[in-house]
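Colleague: First, the structure itself, so that you have it in front of you.
The values are calculated or read from the model by the stated rules, or taken from the named source; none is laboratory data. Keep in mind that what you see is a predicted model, and the values were worked out from it rather than measured. Positions of Cβ are generated from backbone atoms using ideal geometry, with glycine treated the same way; all protein chains shown enter the neighbour counts. What goes into the accessible areas is simple: the full protein's heavy atoms, side chains included, and nothing from ligands, DNA or RNA. Shrake-Rupley method; radii C 1.70, N 1.55, O 1.52, S 1.80 Å.
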Amino acid sequence: MRFSAIPGPSDQFTDVAGLKVGQAHDARAKTGVTVIIPDAPMAMAVDVRGGAPGTRDTEALDPSCLVEKVHGLVLAGGSVFGLAAADAVTLALSARGVGLPLGPKAVPVVPSAILFDLMNGGDKEWGDEPPYHRLAYAALDGLSASTEHGAVGAGHGAMAGAAAGGLGSASLTLEDGTTVSAIVAVNSFGAVPEGGISAPGDVEFPKLGLVGSNTTIGAAATNVALDKAALKRLAIMAHDGLARAIKPIHTPYDGDTIFAISNGERPTGGELAGTLALLGALAADCMELAVKKAVAR
């Protein structure tokens, strides 16, 4: 059986309905934040393939854990300092009453992943006040159903090998309305070869490798109703798009992390395994396309 997908209406991550993206950056520090907020809580899972990840609340996304749906996702530069962006988003959502109704305050679940951009030439002498709270609030203020590409948000100070990295997104949709999309901030140790994958056996180390000093982070999304276990498989398959576009990938120097999100809009229909195989293939394609948009200048 053959399936034919075309780019979604805007060919962006937000072609999966109910998702909004906000982005902000600090040009002096050469870093930034990307915030993804669903209109209503959504199911989410994650798959980590890199050897040096930096994450928050990813264990809550395990299918064996209690939390069924989350309230936001944060991608940020800044290495460990960038995890503070999720603190700001959590505070802001709680103030709006968004989150689990536990006690006197709503408790939002906001997973996060960071990339390392501390050695990109930006001014990181920020003292006791890293910019990530400020950038997260600015990103929330700019939430939109449209997604910018290039040196924006979490990808503002990113490097893909020795070249400029960035943030990209893409979407694919089938004739019946099934939609898959991806968003990615490319800060990889490996390069994104021009014109596609380099020849087999041709491996280039384009920059000095330091453990934890790179990382490609992002998310795949779909409008098909999937639970956390199924979304885990979607995230696993989405990583294949990174492998097609970046060489080498998933090295000890990277913290490659991909989340997967479902808005639950469409019933799964048919055999779950077959549906997942198709959605995962589309997610990998979207991720590959998003990587290429991220580095295009």
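Colleague: Which entries of Lys124/Lys232; Lys232/Lys292; Lys105/Lys293; Lys30/Lys292; Lys124/Lys228 have Cα-Cα distances beyond 29 Å here? The partial results should precede the final answer.
Modeller: Numbers: Lys124/Lys232 35 Å; Lys232/Lys292 24 Å; Lys105/Lys293 40 Å; Lys30/Lys292 21 Å; Lys124/Lys228 37 Å.
Distance filter (> 29 Å) returns Lys124/Lys232; Lys105/Lys293; Lys124/Lys228.
Colleague: While we're here: Taking the chain as a Gaussian network, Cα atoms linked when under 10 Å apart, which of Val33, Val80, Val224 shows the biggest mean-square fluctuation?
Modeller: Comparing Val33, Val80, Val224 in the GNM, the peak value goes to Val80.
Colleague: Have a look at Gly54, Ala88, Gly77 and report the one farthest towards the positive end of the charge dipole of region 16-140, computed about the Cα centre with Cβ charges (Lys/Arg +1, Asp/Glu -1).
Modeller: Ala88
Colleague: Next question. If you keep only loop residues by DSSP, which GluC sites (Glu not before Pro) in region 260-292 have at most 14 other Cβ atoms within 10 Å of their Cβ?
Modeller: In loop regions of region 260-292 (DSSP not H, G, I, E or B), the sparsely surrounded GluC sites (Glu not before Pro) are Glu271.
Colleague: Another question, then. Tally Lys/Arg at +1 and Asp/Glu at -1 over every other residue whose Cβ is under 10 Å from the Cβ of Leu172; what's the total?
Modeller: Values: positive: none; negative: Asp11, Asp15, Asp285.
After counting each charged neighbour, the total is -3.
Colleague: Mind checking the dipole of region 51-165: about its Cα centre, +1 per Lys or Arg Cβ, -1 per Asp or Glu Cβ, Debye to the nearest 20?
Modeller: 260
Colleague: Follow-up question, since we're still on this one. Compute the length gained on full extension between Asp123 and Val80: take 0.36 nm times their separation in residues and subtract their Cα-Cα distance, giving the result in nm to one decimal.
Modeller: Full extension of this stretch gives 13.9 nm more.
Colleague: Treating only the Cβ of Lys, Arg, Asp and Glu as charged (+1, +1, -1, -1), what charge dipole size does the chain show about its Cα centre? Round to the nearest 20 debye.
Modeller: 100
Colleague: Taking the chain as a Gaussian network, where each spring joins two C-alpha atoms under 10 Å apart, which residue of Thr222, Thr55, Thr14 fluctuates the most?
Modeller: Fluctuation is largest for Thr55.
Colleague: In nanometres, what is the gap between the two model label sites at Ser144 and Ala296, each 7 Å from Cα along Cα-to-Cβ?
Modeller: Using points 7 Å along Cα→Cβ, the separation is 1.7 nm.
Colleague: Where in the chain are the DSSP H helices whose C-alpha atoms run 15 Å or more along the long axis and whose mean Kyte hydropathy is at least 0.0?
Modeller: Span-like helices here: 84-95, 228-245, 272-295.
Colleague: If you average the sequence gap of Cα pairs under 8 Å that are 6 or more apart and divide by the length of region 85-163, what percent do you get for the contact order?
Modeller: 32
Colleague: Using a 1.4 Å probe over the heavy atoms of the protein chains, calculate the carbon and sulfur portion of the accessible area of the chain as a whole percent.
Modeller: Its accessible area is 56 percent carbon and sulfur atoms.
Colleague: Tell me, what is the percent relative contact order of the chain, built from C-alpha pairs under 8 Å that lie six or more residues apart? Walk me through the intermediate numbers first.
Modeller: Values: 854 pairs, mean separation 75.9, N = 297.
Relative contact order, the chain: 26 percent.
Colleague: First select every other residue whose beta carbon is under 15 angstrom from the beta carbon of Val21; then total the charges, Lys and Arg +1, Asp and Glu -1.
Modeller: Result for the neighbourhood of Val21: -3.
Colleague: Sort out for me the Cα centre separation of region 119-190 from region 234-268, rounded to whole Å.
Modeller: After rounding, the separation between the Cα centres reads 15 Å.
Colleague: Need one number: % antiparallel among DSSP beta bridges in region 51-178, to the nearest 5. Display every interim value, and only then the final one.
Modeller: On the way: 8 of 11 bridges.
Restricted to region 51-178, the bridges split so that about 75 percent are antiparallel.
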